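In what follows, a single structure is set out as structure tokens and then discussed.
All of the numbers you see were taken from the coordinates with simple rules; none came from a lab. Computed from a prediction, not measured in an experiment: that's the story for all the values here. So basically every Cβ, Gly included, is an ideal-geometry build from the backbone, and we count neighbours across all protein chains shown.
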Amino acid sequence: MNTGHEPSEDSYRIKITKNGPYVVSGGLPLAEQIICQDAEGHCHGWRQGKVFEVPETYTLCRCGKSKNKPFCDGSHYRSGFDGTETASRASFSTQSVEVVGPDLTLSEVPILCAEARFCQRAGDTWHLVKKSDDQECRKIAIEEASECPSGRIVLKDKDGNVIEPELTPSIGLIEDVPAGFSGPIWVRGGIPIESSDGFDYERRNRVTLCRCGHSSNMPFCDGSHLEFKFRSSE
């Protein structure tokens, strides 16, 4: 839908409704983001899939049962969906633990993991950080951390500068083709996310929101879409 004007970044917002959908404001771009693989079968890289035309305000399903995915069709009412938000409201830095390497420091909050598996290539990101005085290890570690959609892992260089990808404010619908299932909602570019009771979660460059309805860390993804074999086409 063409709204006839360019949205302002000041109007970008995601509002979580009590036991209901995500209300997205500001005409935020919405498209499938598909996990790619390298020649060895490791998750590496992204490609864009279907682009959705959206109005200034739209609602995205978070119960996982809509027949009009990714949009809400009211199925949360019929299914008795319990979307109680259980995630910590502390900042990432307050919750995080660190792995310190010679040239990189990795900070992570494990409960935010969306099981996208980008961190497993070449040993894994933690192993690579410990060997980050090697330029190839450093390069791959940065690639892996940057491809992580959930922001579970964040890298800093030895001067303390955060290494983050440049992400334009937009919403991705993750399709995990290698696993054969659909993943979470990928919120990119520092979009504000407001809880159902009016609390603003920490504004971050990248986070993933549950859309299968089963996360134990609502509203954020905890990888449950793989356990419950969630598919956006069903």
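Can you tell me the length gained on complete extension of the stretch Ser11 to Glu53, counting 0.36 nm per residue apart and subtracting the Cα distance? Mind showing how you got there, number by number?
On the way: separation 42, 0.36 × 42 = 15.12 nm, distance 1.78 nm.
Full-extension gain reported as 13.3 nm.
Work out how much length Arg89 to Cys36 would gain on full extension: take 0.36 nm times their residue separation and subtract the Cα-Cα distance, in nm to one decimal.
Numbers: separation 53, 0.36 × 53 = 19.08 nm, distance 3.20 nm.
Between Arg89 and Cys36, full extension yields 15.9 nm more.
Can you tell me the 0 to 90 degree angle between the C-alpha axis of helix 135-147 and the longest principal axis of the chain, rounded to 10?
Value to nearest ten degrees: 10.
If contacts are Cα pairs under 8 angstrom and at least 6 residues apart, what is the relative contact order of segment 92-163 in percent? Kindly include the intermediate steps, with their values, before the conclusion.
On the way: 122 pairs, mean separation 25.7, N = 72.
Relative contact order of segment 92-163: 36 percent.
Report the one residue of Ser91, Gly101, Phe181 whose Cα lies farthest in the direction of the positive end of the charge dipole of the chain (charges on C-beta: Lys and Arg +1, Asp and Glu -1; origin at the Cα centre).
Ranked along the dipole, the leading option is Phe181.
Where both partners of a DSSP beta bridge lie in the chain, what percent of those bridges are antiparallel, to the nearest 5? Walk me through the numbers on the way to the answer.
Values: 38 of 45 bridges.
Around 85 percent antiparallel, to the nearest 5.
With θ set to phi - 60°, apply the Karplus curve 6.51 cos²θ - 1.76 cosθ + 1.60 along segment 88-103 and write out the HN-Hα couplings as whole Hz, x wherever there is a Gly or Pro.
4, 9, 6, 6, 4, 5, 5, 8, 6, 10, 10, 10, 9, x, x, 10
Could you sort the peptides 177-188, 88-99 by per-residue average Cβ neighbour count (10 Å cutoff), highest mean leading? Working shown, then result.
Details: 177-188: 21.9, 88-99: 12.8.
The packing order, highest mean first, is 177-188, 88-99.
Of Lys18/Lys130; Lys158/Lys229; Lys15/Lys229, which pairs sit farther than 31 Å apart, going by alpha carbon to alpha carbon? Show your work: numbers first, answer last.
Working: Lys18/Lys130 43 Å; Lys158/Lys229 40 Å; Lys15/Lys229 26 Å.
Violating the 31 Å Cα-Cα cut-off are Lys18/Lys130; Lys158/Lys229.
Determine ³J(HN,Hα), in whole Hz, for all residues of segment 15-26 in sequence, where each value follows from phi through the Karplus function 6.51 cos²θ - 1.76 cosθ + 1.60 and θ = phi - 60°; x replaces Gly and Pro.
10, 8, 9, 5, 6, x, x, 8, 9, 9, 10, x
Just to confirm my numbers, what's the Cα centroid distance between segment 89-167 and segment 191-234 in Å?
Rounded to whole Å, the Cα centres lie 21 Å apart.
I want to check the label-to-label distance for Asp159 and Lys229. Put each point 7 Å from Cα in the C-beta direction and report it in nm to one decimal.
5.2
From the phi angles alone, apply the Karplus equation (6.51, -1.76, 1.60; θ = phi - 60°) to segment 36-41 and give each ³J(HN,Hα) in whole Hz, x where the residue is Gly or Pro.
Result, ordered by residue: 9, 10, 8, 4, 9, x Hz.
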